[in-house]
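FYI, it's all coordinate maths here, none of it is from the lab. All values derive from a computational prediction rather than experimental measurement. Reconstructed Cβ throughout: ideal geometry from the backbone, glycine too, with neighbour counts over all protein chains shown.
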Amino acid sequence: MNGHTNGDRAGHPARGGVGEGSAETRSVLANGHHTNGHATAVAEPPHYALLKEKITILKQERQAIILAHNYQEGAIQDVADFVGDSLGLARKAKASDAKVILFCGVHFMAETAAMLCPDKTVLIPDLQAGCSLADMIIPEQIRTWRRHHPDGVVVCYVNTSAAVKAECDYCVTSTNGVTILEHIPAEKEILFVPDYYLGSYLKAKTKRKIHLWKGYCPAHAAILPEQVDQLRELHPDAEFLMHPECGCTTKQMDLADQILSTEGMVQYVNRSPATEFIIATETGLLNRLRTQYPEKTFFPASEHATCHHMQRNTLEKAFMSLVRMQHVVTVDQKIAERAVKPIERMLDIV
Ligand code: 13P
């Protein structure tokens with residue numbers, strides 16, 4: 001799952017990056033409904049074209065870049081300088097020389113950027129764009145867990161608050177978990193927080209002794225194994241791509257053709273000869289897949305796998321962020337000093 005390329009708008013106009021295809025095409029398809037796996041064209045609101053122009057001008061004035069997660073609506077992806085998964089976005093933030101980063105994603109992602117770029121102003125369009133999974137553990141719970149496993153190494157999924165990361169030894173994303181765990185001495189037991197399903201996947205892959213926290217992502221939990229079975233019967237030629245956060249991981253893991261991060265899925269579709277795919281992750285990713293690969297057909301494993309936090313960010317709010325320089329995301333310096341360590345440790349490995 002490593003080494004994927006990313007959706008760098010500036011550098012990769014060729015197929016495989018979100019740079020492919022005109023902004024117009026993306027815009028038309030961005031909010032499309034789908035039947036039989038294809039998007040039907042639903043035009044964006046007329047004022048979006050003007051908003052996009054204004055955002056482009058504001059970006060220059062503010063010396064800002066926009067980083068957008070793969071789940072964000074197409075209109076936001078259109079104005080982004082980079083679209084990708086959690087790992088790609090963190091890397092891009094760190095490497096950027098912009099003064100301002102408008103982070104179109106959820107709060108823990110913006111926090112990560114703020115910690116990696118203490119000299120930059122990090123903005124998020126809506127401060128309420130949180131993460132239910134990240135909220136399933138608090139620092140005190142880690143401290144207690146550690147007391148029960150004093151020799152344990154605490155590994156957190158990037159979907160955690162900075163305060164939780166400050167209590168952890170290593171951070172992982174959906175892309176690099178196996179590689180990071182292989183760097184932890186074999187005799188060490190691992191305490192993994194907060195995602196039970198990603199943890200189960202890592203446990204099966206690495207055969208390590210891993211204690212699992214029982215957190216989950218509600219959007220991915222909406223994907224039911226029975227539905228996946230039905231879809232696979234209906235579309236026997238479709239490849240089944242699954243995000244490791246899926247609640248159905250334990251049953252479907254051996255059945256999935258690929259278990260990938262969101263960006264891993266985009267890259268995989270590019271290189272696969274298959275023309276049909278069942279996509280088990282938040283439905284926002286289908287916008288990007290359908291826009292980037294209009295000749296291929298995508299079926300969501302569940303229409304209900306939606307993240308209302310991600311959807312709080314809109315083009316209007318992104319615009320207002322740059323106008324008013326709101327909402328600034330900061331991390332308490334003492335927490336940041338500790339929380340950045342597991343993140344840097346991860347970035348040094350992969
Ligand atoms: P990715 O890192 O695969 O984009 O996943 C992030 C996330 O929060 C999935 O729900």
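Here are some notes:
- Hz values of 3J(HN,Hα) by residue in the range 47-56 - Karplus curve (6.51, -1.76, 1.60), Gly and Pro given as x: 6, 5, 4, 5, 4, 4, 4, 5, 5, 4
- Gained length - E182 relative to A95, 0.36 nm times residue gap less alpha-carbon distance: 28.7 nm
- Computed from point charges on the beta carbon alone (+1 for Lys and Arg, -1 for Asp and Glu), the dipole magnitude for the chain about its Cα centre is near 800 Debye.
- Cross-link reach is defined here as a Cα-Cα straight distance under 23 Å, omitting same-chain residues fewer than 8 places apart; for K317 the lysines meeting it are K52, K54, K59, K92, K99, K120.
- Each of E167, E53 was scored by other Cβ atoms within 10 Å of its Cβ. Arranged with the fewest first, they read E53, E167.
- Computed about its Cα centre, the charge dipole of the range 219-306 is approximately 240 debye, with only Lys, Arg, Asp and Glu carrying charge at their Cβ.
- For the range 219-306, fraction of C-alpha pairs farther apart than 18 Å, in %: 33
- Virtual paramagnetic centre 7 Å along Cα→Cβ of D348, amide N under 18 Å, in the range 121-161: 153-156
- ³J(HN,Hα) computed for each position of the range 112-123 - Karplus, 6.51 cos²θ - 1.76 cosθ + 1.60, integer Hz, glycine/proline x: 4, 4, 4, 6, 6, 10, x, 8, 10, 8, 10, 10
- Taking the DSSP beta bridges with both ends in the chain, the antiparallel portion is around 15 percent.
- Theoretical FRET efficiency, 1/(1+(r/R0)^6), r = Cβ-Cβ of Q128 and R271, R0 51 Å, to 0.05: 0.85
- Within the shell of other residues whose beta carbon sits under 9 angstrom from the beta carbon of C217, the net charge comes to -3, with Lys and Arg scored +1 and Asp and Glu -1.
- Gyration tensor (alpha-carbon) shape descriptor, the range 151-283, a/c threshold 1.5: prolate
- Whole-Hz Karplus values for the range 175-181 come out as 7, 10, x, 4, 4, 5, 4 Hz, taken residue by residue from phi with 6.51 cos²θ - 1.76 cosθ + 1.60 and θ = phi - 60°; glycine and proline positions read x.
- The convex hull defined by the C-alpha atoms of the chain has an orientation-averaged projected area of 16.2 nm².
- Efficiency of FRET between A49 and A204 - r from beta-carbon atoms, R0 51 angstrom, step 0.05: 0.60
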